[in-house]
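Below you'll find the structure, written out as structure tokens, and then a few comments.
The values are calculated or read from the model by the stated rules, or taken from the named source; none is laboratory data. On a predicted model such as this, the values are computed, not experimentally measured, just so you know. We place every Cβ from the backbone using ideal geometry, glycine too, and count neighbours over all the protein chains shown.
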Amino acid sequence: MTTPIVNAKSEAQRYVDSVFNELKEKYAHQNEFLQAVEEIFISLVPVFEQRPEYIKHNVLSRIVEPDRTISFRVTWQDDQNRVHVNRGYRVQFSNVVGPYKGGLRFHPTVNKSIMKFLAFEQIFKNSLTGLPIGGAKGGADFDPKGKSNSEIMRFCQAFMTELYRYIGPDVDVPAGDIGVGAREVGYLYGQYKRIRGAHEAGVLTGKQPGYGGSLARKEATGYGLVYFVEEMLQDAKMSFLDKTVVVSGSGNVAIYAMEKATHFGAKVVACSDSNGYIYDPEGIDLKVIKEIKEVNGDRISTYVNYRPNAAYTEGCTGIWTIPCDIALPCATQNEIDGESARTLIANGVKVVAEGANMPSDLEAINEFLNNGVLFGPAKAANAGGVATSALEMAQNSSRIYWAFDQVDLKLHEIMKSIYAQCKQAAEDYGYAGNLVVGANIAGFVKVADGLLKEGVY
């Protein structure tokens, strides 16, 4: 990304540099966390130029240290009565705006650095929604793949037995993430109720509709991503109509981004899973994708059994060699590097918007911004999921359910508002059109102002 042009010797620049250097020394091995912090810090120098009270009250140092990081052992038995041990986490980063809020991720790559990066990003993402929710994240290095329902249930019960004492409807409200869907949330909530002896539906979001869950939650992140891109396109006097779209991933975010983009008139030609990607020049058949992933639980490679004119390729990175107008990375962090970004640009990509968390590395972001590609950063573009989780919290509190269309309408309005905030903040600080700077500043200022109002604690 283009670094804001300010006096390199200014007090603001020295302050930002000193805080980041201290952080690098302290957490030298937490690469994902440092990457997320650096991406935000680059944008904030002009804020400190205009708001020196933030320096006086050392807001930056306060915001980059989580309120608490909880780590615990999770012991469970498989179907053969063998005992397994995993490591669980909950990073409660900031509750300035509201109760801690953020998903739980069950994946073998989970570690403290990834949890901190996700929780740190969640602070500003949640701030942008305009809803009263703070930032947190959690999970475990448990791999649900290949496990039976009974094994997953026992793991979830063991995990919640350790976590329950740190969460509550007005304290910390976890949700789902990679490896944690409505099934896992149900098992987690069942154990929470068993331990607490109370029906506190608002303690977890992502529950099954009819059992405390909100309609449109499954679709929310993917739909919200497309609503955000729709705003980007409209400002550029474009639309989804007849655009070619490539989407990485094939989970909920990817599936429902494909669904909404197709609804708006685009042709989605590729998607992927962790093994490889499919390319269907006639347009992805979404019914087939849903049957493969949501009904059968198969790998994406089986798509060619239904659509023989499509092609499957092993490995994931090659998906970004497919020419497209719009690229929606919805798989995982750092899936687009500088080389992939340059390939997308050479092939004429006009818009890149992030459905996953931090899927583009800093080099890739710089390439997009410096070459005039419209770029939607994750903390803004994929905020639809947590926004709808907050709407689920509101429904739980009032003991009512909203219709799908009612939730979807609220989601659409929230995503419009997020885009408007990002656009306005970028303009206010001299970086019109740079939604990375805009999202970082708009999310940060709200939290920073809250810290000042609450005093030092």
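A single entry from Glu454, Glu413, Glu427, Glu392 fulfils the requirement of being of a type in the set (D, E, K, R) and either crowded, with 23+ Cβ neighbours inside 10 Å or assigned by TED's automatic domain parsing to the domain that holds Val97 (or both): Glu392. Checked against (1) part of a loop (DSSP other than H, G, I, E, B); (2) modelled with pLDDT of 95 or more; (3) among the small types (Gly, Ala, Ser), Ala257 passes all but a single condition, namely (1).
For the condition under 29 Å from the mean Cα position of the chain (by Cα) and not assigned by TED's automatic domain parsing to the domain that holds Ile152, what is the one hit in Val85, Val97, Val59? I'd like the intermediate steps shown before the answer.
On the way: Val85 fails: not assigned by TED's automatic domain parsing to the domain that holds Ile152; Val97 fails: not assigned by TED's automatic domain parsing to the domain that holds Ile152.
Every option except Val59 fails the conditions.
Out of the residues in region 411-456 that are among the charged types (D, E, K, R) and under 20 Å from Gly134 (Cβ atoms), state the one that is nearest to the chain's Cα centre (by Cα). For region 411-456, the residue satisfying everything is Lys446.
Right, Tyr189: of a type in the set (Ser, Thr, Tyr), more than 21 Å from the chain's Cα centre (by Cα) and assigned to a helix (DSSP H, G or I) or not?
Details: of a type in the set (Ser, Thr, Tyr): yes; more than 21 Å from the chain's Cα centre (by Cα): yes; assigned to a helix (DSSP H, G or I): yes.
Taking the combined requirement at face value, the residue satisfies it.
Summed over region 25-47, residues that are over 21 Å from Ser360 (Cα atoms) and touching a helix residue (DSSP H, G or I) at 6+ places or on another chain (Cβ under 7 Å) total 3. Based on this model, can you work out whether Val437 counts as surrounded by fewer than 16 Cβ atoms within 10 Å (Cβ to Cβ), assigned by TED's automatic domain parsing to the domain that holds Ala36 and among the hydrophobic types (A, V, I, L, M, F, W, C)? Criteria not met by Val437.
Any idea which residue in region 6-56 is surrounded by the most Cβ atoms within 10 Å (Cβ to Cβ), counting only those that are acidic (Asp, Glu) and more than 24 Å from the chain's Cα centre (by Cα)? Give the steps one after another, and end with the answer.
To start, the set of residues in region 6-56 that are acidic (Asp, Glu) comprises 11, 17, 22, 25, 32, 38-39, 49, 53.
From what's left, more than 24 Å from the chain's Cα centre (by Cα): 11, 17, 22, 25, 49, 53.
On the way: Glu11: 12, Asp17: 13, Glu22: 12, Glu25: 8, Glu49: 17, Glu53: 11.
The extreme case among them is Glu49.
Between Val96, Val83, which is under 22 Å from Tyr457 (Cβ atoms) and of a type in the set (A, V, I, L, M)?
Numbers: Val83 fails: under 22 Å from Tyr457 (Cβ atoms).
Within the list Val96, Val83, the selection yields Val96.
Are any residues in region 260-296 outside any helix (DSSP H, G or I) and within 23 Å of Gln333 (Cα to Cα), and if so, which ones? Within region 260-296, Val268, Val269, Ala270, Cys271, Ser272, Asp273, Ser274, Asn275, Gly276, Tyr277, Ile278, Tyr279 qualify.
Out of region 429-457, which residues are in contact with a helix residue (DSSP H, G or I) (Cβ under 8 Å, 6 or more places away or on another chain) and either in a loop (DSSP other than H, G, I, E, B) or not aliphatic (A, V, I, L, M) (or both)?
Quick first cut of region 429-457, residues in contact with a helix residue (DSSP H, G or I) (Cβ under 8 Å, 6 or more places away or on another chain) only: 429-448, 451-452.
Selection gives Tyr429, Gly430, Tyr431, Ala432, Gly433, Asn434, Gly438, Asn440, Gly443, Phe444, Lys446.
Gly376 falls short on exactly one of the conditions (1) modelled with pLDDT under 95; (2) buried (at least 24 other Cβ atoms within 10 Å of the Cβ), and that condition is (1).
Collect the residues in region 299-320 that are over 24 Å from Gly224 (Cβ atoms) and within 24 Å of the chain's Cα centre (by Cα), keeping them in residue-number order.
Looking only at region 299-320, we keep the residues that are over 24 Å from Gly224 (Cβ atoms), and these are 299, 301-315, 317-318.
Within region 299-320, Arg299, Gly315, Thr317, Gly318 meet the criteria.
The numbered conditions (1) closer than 18 Å to Glu39 by Cα; (2) modelled with pLDDT of 95 or more; (3) among the hydroxyl-bearing types (Ser, Thr, Tyr) are all true for Thr332 except (2). Summed over region 220-238, residues that are charged (D, E, K, R) and either in contact (Cβ under 8 Å) with a residue 60 or more places away in the chain or in the same structural domain as Tyr187 (by TED's automatic domain parsing) (or both) total 2. Restricting attention to region 398-419, the residues that are free of Cβ contacts under 8 Å to residues at least 24 places away in the same chain and either assigned to a loop (DSSP other than H, G, I, E, B) or small (Gly, Ala, Ser) (or both) total 3.
Considering Gly348, Gly355, which residue is outside any helix (DSSP H, G or I), over 19 Å from the mean Cα position of the chain (by Cα) and farther than 18 Å from Leu131 by Cβ? Outline the logic, then answer.
Working: Gly355 fails: over 19 Å from the mean Cα position of the chain (by Cα).
Checking each option against the conditions leaves just Gly348.
Condition test on Thr205, is it in contact with a strand residue (DSSP E or B) (Cβ under 9 Å, 6 or more places away or on another chain), surrounded by 17 or more Cβ atoms within 10 Å (Cβ to Cβ), under 26 Å from Glu413 (Cβ atoms) and of a type in the set (S, T, N, Q)?
Considered against the rule, which asks whether it is in contact with a strand residue (DSSP E or B) (Cβ under 9 Å, 6 or more places away or on another chain), surrounded by 17 or more Cβ atoms within 10 Å (Cβ to Cβ), under 26 Å from Glu413 (Cβ atoms) and of a type in the set (S, T, N, Q), Thr205 comes out as yes.
Just one of the listed residues (Glu354, Glu363) is acidic (Asp, Glu), closer than 25 Å to Met115 by Cα and either buried (at least 24 other Cβ atoms within 10 Å of the Cβ) or touching a Ser or Thr at 6+ places or on another chain (Cβ under 8 Å) (or both), namely Glu354.
Going residue by residue through region 275-288, is there one that turns out to be hydrophobic (A, V, I, L, M, F, W, C), more than 24 Å from Gly146 (Cα to Cα) and within 25 Å of the chain's Cα centre (by Cα)? Show your work before the answer.
From region 275-288, those hydrophobic (A, V, I, L, M, F, W, C) are 278, 284, 286, 288; that's our starting set.
Checking the rest, the ones that are also more than 24 Å from Gly146 (Cα to Cα) come to 284, 286.
Applying the additional criterion that residues be within 25 Å of the chain's Cα centre (by Cα) yields 284, 286.
Yes, region 275-288 contains at least one residue that is hydrophobic (A, V, I, L, M, F, W, C), more than 24 Å from Gly146 (Cα to Cα) and within 25 Å of the chain's Cα centre (by Cα).
Every condition in (1) of a type outside the set (Asp, Glu); (2) part of a helix (DSSP H, G or I); (3) buried (at least 24 other Cβ atoms within 10 Å of the Cβ); (4) in contact with a strand residue (DSSP E or B) (Cβ under 8 Å, 6 or more places away or on another chain) holds for Leu233 except the one numbered (3). Among residues of region 264-292 that are in contact (Cβ under 8 Å) with a residue 60 or more places away in the chain, those with a Cβ under 6 angstrom from a residue that is surrounded by 16 or more Cβ atoms within 10 Å (Cβ to Cβ) and among the basic types (Lys, Arg), sequence gap 6+ or separate chain, pair up as Ala266/Lys243. Within region 241-254, being farther than 21 Å from Gly179 by Cα and assigned to a loop (DSSP other than H, G, I, E, B) holds for Leu241, Asp242, Lys243.
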